[in-house]
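The values are calculated or read from the model by the stated rules, or taken from the named source; none is laboratory data. It should be emphasised that the depicted structure is a prediction, and the values quoted were computed from it without experimental measurement. In this analysis, Cβ positions are derived from the backbone assuming ideal geometry, glycine residues included, and neighbour counts consider all displayed protein chains. The area values use the complete protein model at the heavy-atom level, side chains included, leaving out ligands, DNA and RNA. Shrake-Rupley method; radii C 1.70, N 1.55, O 1.52, S 1.80 Å.
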Amino acid sequence: HSFSDLLSDALTLVALRMGSLPPDADHPYGHGRFETIGCLAIGWLLLLTAGSFGVAALSAMRSPALRTPHPVALYAAGLSVVSKELLYRVTRRVGLKMGSSVILANAWHHRSDALSSVVAIAGIGGALCGWTVLDPLCGVMVAALVAWMGGQIIFDALLRLSDTADIEATQQIVAVADGVDGVLGVQGARCRWMSSSTLMADLCVM
């Protein structure tokens, strides 16, 4: 999972670099959707990580002799909760400030680490108390949690890449256009996503 964090950070940097390129003949609306593609990659990375967790946990549950984890694992999980939650909050603040969808996706990657470590604490603690099966069982729960977050990121990225309409933004733009002096009415309005921004693609007024 730590290795997937490194890959996620690398993907974020590459997507930010590509997304910040100015508009050109091939990309007249800019390169912002490279950030959305980065979100898609981070989501799949989370799903692969969840699959790895799940396979390892199920394999451990089938083991004839479950081993009790070392107490240091409990402290490591506690440290992970604090550090990853801090990383989530800092990264999310930067993502909101910059309006970057890929930074926000990476922030949720950190949050998945923090939440999965909370579940891990329960599993490790239970195993240290003699319920050894609780450790791999919580591993399955961690896998499900990480997979759910990855699925959410992928779903949101696909909505943006498929030009799904932003109904709320469209209604707000229509309301602003209606309030302009000399405008009799708005006949049509269409928006499209560009990373975390909404572009007004078409606006027909009378």
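When the dipole is taken about the Cα centre of region 47-145, and only Lys, Arg (+1) and Asp, Glu (-1) are charged at their Cβ, what size is it in debye, to the nearest 20?
Magnitude of the dipole: close to 300 debye.
Per 0.36 nm of contour for each residue apart, how much would the distance between residue 6 and residue 82 grow if the chain were fully extended, relative to their Cα-Cα spacing?
Length gained between residue 6 and residue 82: 25.5 nm.
Pick from 39, 191, 129: which is most flexible by mean-square fluctuation in a GNM of the chain where alpha carbon atoms under 10 Å apart are linked?
The residue that fluctuates most here is 129.
Using each residue's phi in region 85-93, evaluate 6.51 cos²θ - 1.76 cosθ + 1.60 at θ = phi - 60° and report the 3J(HN,Hα) Karplus result to the nearest Hz, with x for Gly and Pro.
For region 85-93, the Karplus curve yields 5, 5, 4, 4, 5, 5, 5, 5, 4 Hz.
Among 155, 69, 184, flag the residue with its Cα farthest along the positive direction of the charge dipole of the chain, charges on Cβ as +1 for Lys/Arg and -1 for Asp/Glu.
69
Ignoring ligands, DNA and RNA, what percent of the accessible area of region 85-162 is carbon or sulfur (1.4 Å)?
Accessible surface attributable to carbon and sulfur in region 85-162 totals 71 percent.
Using the beta-carbon distance between residue 152 and residue 187 and R0 = 25 Å, what value does 1/(1 + (r/R0)^6) give for FRET efficiency, to the nearest 0.05?
Efficiency, from the Cβ-Cβ distance: 0.10.
Expressed in nm to one decimal, what extension gain is obtained for the pair residue 13 and residue 178 from 0.36 nm per residue of sequence separation less their Cα-Cα distance?
55.3 nm
Which whole-number percentage describes the relative contact order of the chain, with Cα contacts under 8 Å and a sequence gap of 6 or more?
Once normalised by length, the contact order is 24 percent.
Which whole-Hz ³J(HN,Hα) couplings does region 150-163 yield from phi under the Karplus relation 6.51 cos²θ - 1.76 cosθ + 1.60, θ = phi - 60°, glycine and proline marked x?
3J(HN,Hα) across region 150-163, in whole Hz: x, x, 5, 5, 4, 4, 5, 5, 5, 4, 6, 6, 8, 6.
Positive end of the charge dipole of region 11-140 (Lys, Arg +1 and Asp, Glu -1 on Cβ, about the Cα centre): tell me which of 53, 39, 120 has its Cα farthest that way.
Result: 120.
Counting alpha carbon pairs within less than 8 Å and at least 6 residues apart, what relative contact order, in whole percent, applies to region 86-141?
This gives 25 percent for region 86-141.
If the chain between residue 48 and residue 96 were fully stretched, how many nm would it gain, using 0.36 nm times the residue separation less the Cα-Cα distance?
Net length gain for the segment: 14.6 nm.
What does the charge dipole of the chain about its Cα centre add up to, to the nearest 20 debye, if the Cβ of each Lys and Arg holds +1 and the Cβ of each Asp and Glu holds -1?
Dipole magnitude for the chain comes out near 680 debye.
Charges only on Cβ, +1 for Lys and Arg, -1 for Asp and Glu: so what's the dipole of region 56-107 about the Cα centre, in debye to the nearest 20?
120
Report relative contact order for region 1-68 in percent, whole number only (criteria: Cα-Cα under 8 Å, sequence separation at least 6).
29
Helix-derived [θ] at 222 nm for the chain: sum -39500 (n - 2.57) over DSSP H runs of at least 4, divide by residue count, nearest 500?
Mean residue ellipticity at 222 nm (helix-derived): -24500 deg cm²/dmol.
Residue 56 versus residue 203, label points 7 Å from Cα toward the beta carbon: distance in nm?
Distance between the two pseudo-spin positions: 5.2 nm.
Would you mind getting the Kirkwood hydrodynamic radius of region 1-128 from its Cα pairs, rounded to one decimal in Å?
Taking the inverse mean of 1/r over all distinct Cα pairs, region 1-128 comes out at 16.3 Å.
Using the charge dipole of region 17-146 (Lys, Arg: +1 at Cβ; Asp, Glu: -1 at Cβ; taken about the Cα centre), state which of 142, 29, 79 has its Cα farthest towards the positive end.
The residue sitting most towards the positive pole is 79.
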